[in-house]
Amino acid sequence: MKTVINTNGAPQAIGPYSQAIKANGFLFISGQIPLDPVSGQIVYGGVELQTYQVLNNLKAILAHEGLSFDSVVKTGVFLKDMEDFAVVNKIYAEYFTNNPPARACVQVARLPRDVSVEIEAIAVYEK
């Protein structure tokens, strides 16, 4: 069984997908881009500000389910430019402080709305 997860604390989906899906003890969070959940607008000002917004969007979805970054077991990080890796990595480490999850990080040709970073996550519901 799967359950669609939706919170106003994170941006609403901009396409035919869900913010997150709860299934078999896992939370699968769709890739988050730097959209402000209130205005629905892209947060501009460089990859640093965009990364903070992306991680705050992930945090809101996790919190809605009573989870935290400690519950995340896998992430996928998508960068417009691998030259931004060090900046994104530094900010990422501020959020994933204990036993960071498995991760893939790749440079892609283009991201939705031409943003600089997108991050998806899988979390586990601990019993």
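Taken together, the values in this text are just the output of simple stated rules run on the coordinates, not laboratory data. The structure displayed is predicted, hence computed values, not measured ones. Counting neighbours? That spans all protein chains shown, and the Cβs are built from the backbone with ideal geometry, glycine included.
Sparsely packed loop sites in region 89-127 (the GluC sites (Glu not before Pro) outside DSSP H, G, I, E and B with at most 10 other Cβ atoms within 10 Å) comprise E126. Phi angles across region 108-122 convert, under the Karplus curve 6.51 cos²θ - 1.76 cosθ + 1.60 with θ = phi - 60°, into 3J(HN,Hα) values of 10, 5, 6, 10, x, 6, 6, 6, 8, 8, 9, 9, 10, 8, 10 Hz, Gly and Pro given as x. Model label sites at A86 and A23, defined 7 Å from Cα along the beta-carbon direction, differ in position by 4.0 nm. Between 0 and 90 degrees, the angle of helix 47-64 with respect to the longest Cα principal axis of the chain falls at about 10 degrees. Any idea what angle helix 85-95 forms with the longest principal axis of the chain, computed on alpha-carbon atoms, 0 to 90 degrees, nearest 10? For helix 85-95, the angle is close to 30 degrees.
In debye, nearest 20: dipole of the chain around its Cα centre with unit charges on the Cβ of K, R (+) and D, E (-)?
Numbers: 10 positive and 12 negative charges, 80 e Å.
That gives a dipole near 380 debye.
Remark: the A63-F96 segment gains 10.4 nm on full extension, using 0.36 nm per residue and subtracting the alpha carbon distance. Using a Gaussian network model of the chain in which every pair of alpha carbons under 10 angstrom is joined by a spring, one finds that among L35, L79, L111 the greatest mean-square fluctuation is at L111. Say we join alpha carbon atoms closer than 10 Å with springs in a Gaussian network model of the chain; which of T97, T51, T75 then has the biggest fluctuation? Result for the chain, Cα springs under 10 Å: T97 fluctuates most.
Scan [x] 88, 48, 28; [y] 54, 29, 29; [z] 39, 32, 22 for the value of Cα extents along the principal axes in Å calculated from this model and give just the label. The listed entry that was calculated here is [z].
With both residues required to sit in the chain, DSSP beta bridges show an antiparallel share near 80%.
Evaluated over the chain, the count of Lys pairs having alpha-carbon atoms less than 25 Å apart is 14 (only pairs 8 or more residues apart or interchain). Going from the residue with the fewest nearby Cβ atoms within 10 Å to the one with the most, K74, K80 rank K74, K80.
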